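First up is the structure itself, then whatever we jot down about it.
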Amino acid sequence: MNELDGKVALVTGGARGIGRAICEAYAAAGAKVAVADLREEEARETAEAIKGMAVGMNVSDPSSIAKGVAAVAAAWGGIDILVNNAGIFNMASIDKVTFEDYRRQYDVNVGGTIFAIQAVVPIMKKRGGGVIVNFASQAGRRGEPNIVVYCSTKAAVISITQSLALELAKDNIRVNAIAPGVIDTPMWDTVDAQFAVYENKPKGQKKREVGLAVPLGRMGDPRDVADPCVFLASDAARYITAQTLNVDGGNWMS
């Protein structure tokens, strides 16, 4: 099915993991896909695989976002879909939180979302509308020990989604979010290694535990997230906005 036929999509953090799966799913659904990532070589590899466009982008820098968005719009005439997938994670107990790490996570996870939206909105308005999909997390739905900064950034993404959906509804721009649960990606290997330190567990143990604790009995695959992301960007979701969709195997009920 070509649910996104003729659409232009920009996916931040698109080089690997969930981002790459989204890029692949969007391309399969008929969209032209711009793969935006700080890892430019990996972005090019992903773009080549889907016959898309690679864009070097540092989402913690609004000028880098603006430059990348302008390049995509110039190449393909506009942008219809923005997926704010880029994000970072770090653990720290409250006595170990540093201002530098706080700023870094907020600059990427929150600022990157806000300023990417700011950059694409004028382009979407000219095209008569558009779709924005932000990436929150189950960590934005509930607190977790030793993850105060990350959890708060993802809660902020849910709030951003609601506020901007209301602000942009008049412009026919829908804004929704996805809150993934535990998804088997390279990022989760980093998370597992940090849990190993804080919970004094062998590497790999936390990852196994969280997978078994999911009601559906396993960690998610990036494709489990990519398919709902296609749905939210498609006309099948034309009456859905301001929502955060849990894609977590039943971890969180709302």
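The values are calculated or read from the model by the stated rules, or taken from the named source; none is laboratory data. Since we're looking at a predicted model, the values are computed, not measured. Positions of Cβ are backbone-derived with ideal geometry, glycine not excepted, and every protein chain shown enters the neighbour counts.
Couple of notes before you dig in:
- Some residue of the range 108-119 being of a type in the set (S, T, N, Q), surrounded by fewer than 19 Cβ atoms within 10 Å (Cβ to Cβ) and farther than 28 Å from Asp192 by Cα: yes
Matching residues to (1) touching a helix residue (DSSP H, G or I) at 6+ places or on another chain (Cβ under 8 Å); (2) outside the structural domain of Gly13 (by TED's automatic domain parsing):
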site	(1), (2)
Val149	yes, no
Asn200	no, yes
Pro228	no, no
Ala236	no, no
Ile240	yes, no
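- Taking residues in the range 210-239 that are of a type in the set (S, T, N, Q), and partners anywhere that are surrounded by 17 or more Cβ atoms within 10 Å (Cβ to Cβ), the pairs with Cβ atoms closer than 8 Å and at least 6 places apart or on different chains are Ser234/Glu3; Ser234/Leu4; Ser234/Ala29.
- Lone qualifier among Asp221, Asp227, Asp189, Asp171 - being surrounded by fewer than 20 Cβ atoms within 10 Å (Cβ to Cβ), touching a Lys or Arg at 6+ places or on another chain (Cβ under 8 Å) and under 27 Å from Gly30 (Cα atoms): Asp171
- Of the residues Ala92, Ala71, the single one that is touching a residue at least 40 places away in the same chain (Cβ under 8 Å) and more than 19 Å from the chain's Cα centre (by Cα) is Ala92.
- Search result, residues across the range 101-146 that are in contact with a Phe, Trp or Tyr (Cβ under 8 Å, 6 or more places away or on another chain) and among the hydrophobic types (A, V, I, L, M, F, W, C): Ala139
- Some residue of the range 174-186 being touching a residue at least 24 places away in the same chain (Cβ under 8 Å) and part of a helix (DSSP H, G or I): yes
- Among the residues listed as Gly140, Gly128, the single one being surrounded by fewer than 14 Cβ atoms within 10 Å (Cβ to Cβ), under 25 Å from Gln243 (Cβ atoms), at pLDDT 95 or above and not β-branched (Val, Ile, Thr): Gly128
- Scanning the range 1-18 for residues that are among the polar types (S, T, N, Q), modelled with pLDDT of 95 or more and surrounded by fewer than 23 Cβ atoms within 10 Å (Cβ to Cβ) yields a count of 0.
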